[in-house]
1. Can you send over the carbon and sulfur percentage of the accessible area for the chain, probe radius 1.4 Å, protein chains only?
2. Shape of segment 65-155 from its Cα gyration tensor (a ≥ b ≥ c, root eigenvalues): rounded if a/c is under 1.5, otherwise prolate when a/b > b/c, or oblate?
3. Do any GluC sites (Glu not before Pro) in segment 409-450 lie in a DSSP loop with no more than 13 other beta carbon atoms within 10 Å, and if so, which?
4. Using only alpha carbon pairs under 8 Å that are at least six residues apart, calculate the relative contact order of the chain and give it in whole percent.
5. Does segment 334-467 classify as rounded, prolate or oblate by the C-alpha gyration tensor (a ≥ b ≥ c root eigenvalues; a/c under 1.5 gives rounded; else a/b over b/c gives prolate, otherwise oblate)?
6. According to the square roots a ≥ b ≥ c of the eigenvalues of the Cα gyration tensor, what is the shape class of segment 267-362, taking rounded for a/c under 1.5, prolate for a/b larger than b/c otherwise, and oblate for the remainder?
7. Please work out the C-alpha center-to-center distance from segment 1-53 to segment 133-204 and express it in whole Å.
8. Given charges of +1 on the Cβ of Lys and Arg and -1 on the Cβ of Asp and Glu, with all other atoms neutral, how large is the dipole of the chain about its Cα centre, in debye to the nearest 20?
Amino acid sequence: TEITNATKVRDLLVSAYPTLHPMIIAEYMSDNYTDNGDIYGSPMNLVAEAYYWEDPVETDWDSPQEVWDACYKAIATANQVLEDIEKLGTPEDCLGYKGEALLCRAYCHFILANTFCMAYSETSADTDLGIPYITSPEKQVGVVYERGTLAQVYEKIDSDIEEALPIIDGAEHDVQIYHFNKKAAYAFAARFNLYYGKDFDKVIAYATEAVGSNPATVLRDLNGYTKFTTPKEWTYGYINDDEPANLLLIANRSMFGRSLNERYGTTRQIASQELFWSEFPGGSLQVYSTIFGNDQMLYIPKMVEIFEITDQIAQTGQPHVVLPAFTTDEALLCRAEAYIMKHEYDLAAADLSYWYVIKGASAASAQQINDFYAAGNTATICKPLNPKFGIEAGMQTNMLQAVLHARRVEGLGEGIRWQDIKRFGIEIQHAVYHGETMTLKPYDLRKAVQIPVDVLAAPGEMTPNPR
């Protein structure tokens with residue numbers, strides 16, 4: 001296809017979004033699940049590999065290999081768009097699409113880095129392995145790419161985001177929520193800068209752009225979901241483009257909807273002690289009074305499978321889920337964490353209270369939040385934090401525990417908890433039915449998923465993650 005105008009540039013950008021995210025890998029590596037015993041049979045191989053923190057062997061649906069391929073295919077499209085825009089002379093009507101392509105490139109590399117690398121830290125990023133950052137279309141076979149360092153990867157992500165933000169508002173699409181619109185762009189920028197940890201003022205400013213001046217009007221109000229009687233109805237409500245909390249939706253070709261299982265599940269005990277049924281400073285989250293599943297496998301049906309029939313006669317096709325990649329709720333919690341890192345605890349408490357109230361609990365002051373998480377009865381919620389960046393005991397640590405608690409509930413099913421486990425050096429355990437409990441130490445090297453086997457076997461000998 002010859003790209004000759006802004007319309008063709010816009011159409012090409014549809015393929016610049018990854019068609020797969022590492023939700024299964026990240027979710028089952030986290031502490032949101034436990035082993036209920038072999039009486040419940042065997043889940044898909046990838047779930048078991050992730051739960052046992054094993055280097056991946058599976059290469060099919062949702063595997064690390066598929067995540068790697070999906071992200072680099074999307075990056076290739078983004079790079080092609082950027083080259084085509086440059087060849088057109090970067091006309092005014094293409095500036096927004098240039099911003100979108102830069103954000104897509106940055107976002108895909110961000111996913112890859114968060115999956116296949118350790119968490120970013122200024123103390124180790126100059127030596128931690130990164131992933132290849134591709135900035136131009138590949139025009140010959142067998143190009144060998146260096147991984148570089150994680151510091152180099154984050155610098156390039158930062159550069160792409162900063163170049164994109166001033167121009168992204170000009171990107172127009174028929175269904176804007178499936179593309180990086182302005183609010184989604186700033187939500188991504190807020191999350192990235194939070195993980196980067198260099199400028200918390202940026203996190204606050206960018207998150208504010210995403211949630212607006214009155215967060216209460218744009219957070220997800222699950223009270224309205226009581227009218228949904230089935231998981232599928234709930235999912236369609238959750239990913240509705242009219243839902244103000246949704247900033248960016250991305251369709252995935254994924255088995256995620258089938259990965260939920262009773263062998264490795266979110267049990268009633270985990271839900272009651274650590275997740276949506278646990279107590280918060282303002283009481284319980286009333287909107288989660290009704291949950292789907294059973295005692296061995298409770299879940300919030302954000303991403304029930306949407307099956308696409310590609311052969312009407314054979315009734316065969318492809319399973320899909322739609323990921324709420326960026327939401328106002330998550331952006332608000334990013335801002336709360338940034339306020340805490342700046343010791344602005346009252347502002348952080350105000351943001352947390354927006355979230356508490358919309359979820360059916362009561363608002364809480366910074367002192368009330370501190371007192372709640374300082375209490376001994378929150379031991380199952382408050383796992384020790386061992387980040388490579390400095391945090392103070394007492395108020396700051398307790399307020400961070402509050403954000404982590406809220407984000408663990410908000411991000412359930414999306415892999416968000418796994419990123420917090422990595423960033424804060426949280427030690428977690430996985431029960432093994434009729435076996436010894438497994439422990440993943442704060443900076444266990446397995447927190448960086450191993451580079452896919454086929455990538456390591458390709459010419460060029462890409463450096464594997466250390467073990």
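1. 49
2. prolate
3. Within segment 409-450, the qualifying GluC sites (Glu not before Pro) (loop, at most 13 other Cβ atoms within 10 Å) are GLU436.
4. For the chain, the relative contact order is 20 percent.
5. Note, shape of segment 334-467 comes out prolate.
6. Here segment 267-362 falls in the oblate category.
7. 19
8. The dipole magnitude comes to about 620 debye.
The values are calculated or read from the model by the stated rules, or taken from the named source; none is laboratory data. Quantities reported herein were computed from a predicted structural model and do not represent experimental measurements. Cβ: placed from backbone, ideal geometry, glycine included. Neighbour counts: every protein chain shown. These accessible areas exclude ligands, DNA and RNA; they are computed on the full protein's heavy atoms, side chains included. Shrake-Rupley method; radii C 1.70, N 1.55, O 1.52, S 1.80 Å.
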